[in-house]
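I have placed the structure first, in the form of structure tokens, so that the comments after it can refer back to it.
The values are calculated or read from the model by the stated rules, or taken from the named source; none is laboratory data. None of the values given here were measured: they were computed from a predicted structure. Neighbour counts run over all protein chains shown; Cβ positions are idealised from the backbone, glycine included.
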Amino acid sequence: MRVVSGIQPTGNLHLGNYLGAIRNWVKMQDEMEEGSECLFFLADLHAISMPHDPAELRSGTLEMVAALVACGIDPSRSVLFNQAQVPAHTELQWLLNGTARMGWLNRMTQFKDKSGKNREGSSVALFTYPVLQAADVLLYQATHVPVGDDQKQHLELARDIAQKFNNDFCTEDAPVFTLPDPIVPPEAARIMSLRDGSAKMSKSDPSEMSRINLVDDADTIIKKVKKAKSDADALPSEEKGLEGRPEAQNLVTIYAAVTGESVDQVLGRFGGEGFGKFKPALGEVLVETLAPISERFRDLKSDRESLDAILARGAAKAREIGRPTIDKTYQALGL
Ligand code: ADP
Ligand code: NA
């Protein structure tokens, strides 16, 4: 089993990014069986399909590596790298452009969503990046790719490209590409703002108090939890539930996500208690989980040399794994 998964290299990481995305990767890595492996990449090449700031992209990439390692991705067990350092991604994309059909790309709903009314002004990269995504996984002969709902169509495209290429250019007993199967990532918590239970916790929220950042120290975490918006009522019993109480629901969801309990279990323990009691308990479990991560994260973030070394090592390994696929692709195409 070889799992390949990418993440956009964003900066200013927060609790939502950890519980909703990064932690799933750590779980996947930790659940890999002997002989299986995970390749995790930062999709920095994808980032240039939209308007972007080069300095931010660079710092976001480094920050994301620091966060991944701080959260438990082990670069000696998983292959951790950024696309831009493995030219085979772009190389294979071009080679697959010959196989991908215009009609297939025209059907991609994400291009329609992201280009909106500005189709003519969109970058060519935005239109063709599903082919880069296909290259991202086909390059490594991925057997499994975790995909959320929004990425299902792109994985289908990768399979279509692989199948057509194998059909058109390979003998039946020597296909170049493995058709990757989707795996549904473990269900991730959706974390809402601490100031507004109906808005997602996000780096773009101007209020610092709305989110817990991965760099926050223990005191800051406790202060933010204490100030978090809640309501005047006690927490309900499991039977009664949290319907209609978005702020309370969010805080209980965070507690459950952090401790690995279910919402019902948390209510079973705290039902009948007010926030005066619940918030300190939440602050405590958050600090317990996040303090070691944020400490490591802050150390790593400022250790440019280690981050570069991690990425260089990961890229070297990725190039080695991808090389045979590239060679076979050229050969199959008569190049
Ligand atoms: P932001 O909304 O802060 O800009 P991104 O869009 O960069 O975050 O998201 C990066 C990853 O983190 C994505 O996989 C996304 O699903 C996850 N994520 C972001 N915010 C949250 C949240 N509030 N709850 C759960 N997951 C989140
Ligand atoms: Na976002």
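Matching residues to (1) buried (at least 20 other Cβ atoms within 10 Å of the Cβ); (2) closer than 16 Å to Leu214 by Cβ; (3) out of contact with any Lys or Arg (no Cβ under 9 Å at 6 or more places or on another chain):
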site: Val263; (1), (2), (3): no, no, yes
site: Val266; (1), (2), (3): yes, no, yes
site: Lys279; (1), (2), (3): no, no, no
site: Glu284; (1), (2), (3): no, no, yes
site: Pro292; (1), (2), (3): no, yes, yes
site: Asp303; (1), (2), (3): no, yes, yes
site: Ala309; (1), (2), (3): no, no, yes
site: Lys317; (1), (2), (3): no, no, yes
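Beta carbons closer than 6 Å, at least 6 apart along the sequence or on distinct chains, never pair a first residue in the stretch 1-25 that is under 26 Å from Val285 (Cα atoms) with a second that is near ligand 1 (Cβ under 6 Å from one of its atoms) and part of a strand (DSSP E or B). The condition of being under 19 Å from the mean Cα position of the chain (by Cα), among the polar types (S, T, N, Q), over 18 Å from Ile7 (Cβ atoms) and not in a loop (DSSP other than H, G, I, E, B) holds for only one of Gln153, Gln163, that being Gln153. For the stretch 40-83, the tally of residues that are of a type in the set (Val, Ile, Thr) and either outside the structural domain of Ala142 (by TED's automatic domain parsing) or in contact with a Gly (Cβ under 7 Å, 6 or more places away or on another chain) (or both) stands at 1.
Screening the stretch 187-292 for helices (runs of 4 or more DSSP H) wholly inside it with 3 or more residues that are in contact with a Gly (Cβ under 8 Å, 6 or more places away or on another chain) returns the ranges 218-227, 246-259. State all residues of the stretch 214-225 that are more than 16 Å from ligand 2 (Cβ to nearest atom) and in contact with a helix residue (DSSP H, G or I) (Cβ under 7 Å, 6 or more places away or on another chain); if no residue qualifies, say none. The answer is Val215, Asp216, Asp217, Ala218, Ile221, Ile222, Lys224, Val225. As a summary of the residue check, Asp74 satisfies the conditions (1) more than 16 Å from ligand 1 (Cβ to nearest atom); (2) without any contact (Cβ under 8 Å) to a residue 60 or more places away in the chain; (3) buried (at least 22 other Cβ atoms within 10 Å of the Cβ) except for the one numbered (3).
Restricting attention to the stretch 158-175, the residues that are surrounded by 21 or more Cβ atoms within 10 Å (Cβ to Cβ) and touching a residue at least 40 places away in the same chain (Cβ under 8 Å) add up to 2. With respect to Asp196, is the statement that it is surrounded by 16 or more Cβ atoms within 10 Å (Cβ to Cβ), within 16 Å of ligand 1 (Cβ to nearest atom) and over 15 Å from the mean Cα position of the chain (by Cα) true? Yes. Among residues of the stretch 266-279 that are in the same structural domain as Asp233 (by TED's automatic domain parsing), those with a beta-carbon under 6 Å from a residue that is outside any loop (DSSP other than H, G, I, E, B) and small (Gly, Ala, Ser) at least six positions away or on a different chain give the pairs Val266/Ala256. Residue check: Asp53 meets all listed conditions (1) modelled with pLDDT of 95 or more; (2) closer than 30 Å to Leu286 by Cα; (3) acidic (Asp, Glu) but one, namely (2). Where helices (runs of 4 or more DSSP H) fall wholly inside the stretch 1-109, the ranges with 3 or more residues that are within 16 Å of ligand 2 (Cβ to nearest atom) are 54-71.
How about the stretch 199-213: which of its residues are within 16 Å of ligand 2 (Cβ to nearest atom) and out of contact with any Asp or Glu (no Cβ under 9 Å at 6 or more places or on another chain)? Within the stretch 199-213, Lys200, Met201, Ser202, Lys203, Ser204, Pro206, Asn213 meet the criteria.
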